[in-house]
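Presented below is the structure to which this report refers.
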Amino acid sequence: MQIARNTITAATGATNVSDESVSDVIDSAAEATTEAAQEVNQFVQFIEDNIPNLIGFGIKVILALVFFFLGSKIIKWIRKIVHRSFERTNVDAGVAQFVDSMLKFGLYALLIFMIATNFGIESSSIAALIASAGVAIGLAVQGSLSNFAGGILILLLKPFAVGDYIIVTQEGIEGTVKEIQIFYTKLATVDNQRVVVPNSILTSNSLTNVTARPERQLDLKVGIGYDSDLKKAKKLIEDMLYSDPSVIQDEDIKVFVDSLGDSAVMIGLRAWVKTEEYWATRWRLTEQIKLTFDIEGIEIPYNQLTVNVKSEQVVPSAAKIDSSVEKNS
C-alpha cells in the first residue's frame, strides 16, 4: 500500500494521498488487467477452437492460387494452339486477334467460376448472381456492348483488315490498322502514335480504306503561266510519267488542261501506281516537275491580282470662280 501511495504521489505531485484513493486506483488497475486477460483468453480459445477451420481455409487459398496458376498456363497453351491453327489455315489477322481476345476472356471467366465453386460457393448461387447483375451491368456498359457488336460486324463485313490504312473523316482519325479486338481497334499513325478507336465509331461512320486495292490512281495538278508554252509543258510531263519506273505503263496515263485559273493554266495528270509506292511517287514527280520547268523556262506563277485605278480631276471654270468672289465681296 505504501509503495502504491508513493507511486501515485510521484506521478501526480500531490503530498496527501488517502488510503481510499490508493485502493480505488488498485481496484481499477486490477479490473483492467482482468478484462485484458479475459480478452486474450477468448482470442486464444477462438484460435484453438477454429484451428482446423483456419487450416482448411488456408489450404483452400493455397489450392486456389495453385489452380489459378496452372489454369493460366493451360489457357496460354490453348491460345497458342488456336493461334497456330489460324496461321496454318491463313485466317485473316483481324479474325485471329478477335477470336483470341474472346477466347482469353471466356476461359478466364470459366477459371474464376471453377475456383469460386471450389471454395464452397454453389454454382446455382453464382448463376443467380450473374443473372441478376447482368441487367445492371448491361445498362452500365451499353457503349461496350455496342463496341462488341461493332467488332463482330467488322469481322463479318470486313470493311478493312489488319495492315490497311483507313481514314474516318467525321472523327478526324486515320492510321494503319494494327489490331482488331473485342471492343477496340488499334491504329498506328504515320508518326508512330497509337490510336485506340472504339469499334462502334468505325461501324457507325463512313470510312475510307486507302489501301484496299493493290493499285492507286495518282492525281496531280500544276499551274503554268498564260505566256508559257502549253504543249511543251504537257510533253515534258508525259515524258516524266512514261519514264518513271513506279508508274504502271499498262494502265491509262492522261495529261490534260484541267482548268483556266485566274493566274495560271492548270494542267492535270493522272496515272496508276502501286499502293505502297503512292506517296514516294507523288513527292518525286512533284519535285521533278518543278525542277524540269525551271530548266525549260516554263513559269509556275503564284496567285496575283492586277488593280487598275482610274482617277478623275474636276477643274472648276474661271466664270464660277469669279462669280463666287463677287458674291463674297
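Residue by residue through segment 163-192, note down the ones that are at pLDDT below 90 and among the polar types (S, T, N, Q).
Thr169, Gln170, Gln181, Asn192
If you check Met240, Met266, which single one turns out to be surrounded by 14 or more Cβ atoms within 10 Å (Cβ to Cβ) and part of a helix (DSSP H, G or I)? Can you show your working first?
Values: Met266 fails: part of a helix (DSSP H, G or I).
Result of the check over Met240, Met266: Met240.
Across segment 209-219, what is the total count of residues that are at pLDDT below 90 and exposed (fewer than 13 other Cβ atoms within 10 Å of the Cβ)?
Summing the residues that are at pLDDT below 90 and exposed (fewer than 13 other Cβ atoms within 10 Å of the Cβ) in segment 209-219 gives 2.
What pairs come up if the first residue lies in segment 285-306 and is closer than 12 Å to Ala264 by Cα and outside the structural domain of Val222 (by TED's automatic domain parsing), the second is modelled with pLDDT under 90 and surrounded by 13 or more Cβ atoms within 10 Å (Cβ to Cβ), and their beta carbons are under 6 Å apart, counting only those six or more places apart or on different chains?
Pro301/Ser263; Asn303/Ser263; Gln304/Ser263
Please find, within segment 243-263, the residue that is nearest to the chain's Cα centre (by Cα) out of those that are in a loop (DSSP other than H, G, I, E, B) and farther than 18 Å from Lys274 by Cβ.
Step one: list which residues in segment 243-263 are in a loop (DSSP other than H, G, I, E, B), which gives 244-246, 248-253, 261-263.
Retained after the next criterion (residues that are farther than 18 Å from Lys274 by Cβ): 261-263.
Values: Gly261: 42, Asp262: 44, Ser263: 44 Å.
My answer is Gly261.
Got a sec? Which of Ile289, Ile298 is at pLDDT 90 or above, closer than 30 Å to Lys234 by Cα and touching a Gly at 6+ places or on another chain (Cβ under 9 Å)?
Values: Ile289 fails: touching a Gly at 6+ places or on another chain (Cβ under 9 Å).
Exactly one residue qualifies, and that residue is Ile298.
Taking strands (runs of 3 or more DSSP E) that fall entirely within segment 179-231, which contain at least 1 residues that are within 23 Å of Gln97 (Cα to Cα), not basic (Lys, Arg) and not assigned by TED's automatic domain parsing to the domain that holds Val265? Working first, answer last.
Numbers: elements: 184-188, 194-198, 215-224.
Those strands (runs of 3 or more DSSP E) span 184-188, 194-198.
So, Leu156, is that one modelled with pLDDT of 80 or more, more than 22 Å from Leu63 (Cα to Cα) and assigned to a helix (DSSP H, G or I) or not? It would help to see each step written out before you state the result.
On the way: modelled with pLDDT of 80 or more: yes; more than 22 Å from Leu63 (Cα to Cα): yes; assigned to a helix (DSSP H, G or I): yes.
Yes; evaluated as a whole, the condition is true for this residue.
Mind counting the residues in segment 277-295 that are among the acidic types (Asp, Glu) and either assigned to a strand (DSSP E or B) or surrounded by 13 or more Cβ atoms within 10 Å (Cβ to Cβ) (or both)?
Let us first name the residues in segment 277-295 that are among the acidic types (Asp, Glu), namely 277, 287, 294.
Subsequent filtering for residues that are either assigned to a strand (DSSP E or B) or surrounded by 13 or more Cβ atoms within 10 Å (Cβ to Cβ) (or both) retains 277.
Qualifying residue count, segment 277-295: 1.
The values are calculated or read from the model by the stated rules, or taken from the named source; none is laboratory data. None of the values given here were measured: they were computed from a predicted structure. Positions of Cβ are generated from backbone atoms using ideal geometry, with glycine treated the same way; all protein chains shown enter the neighbour counts.
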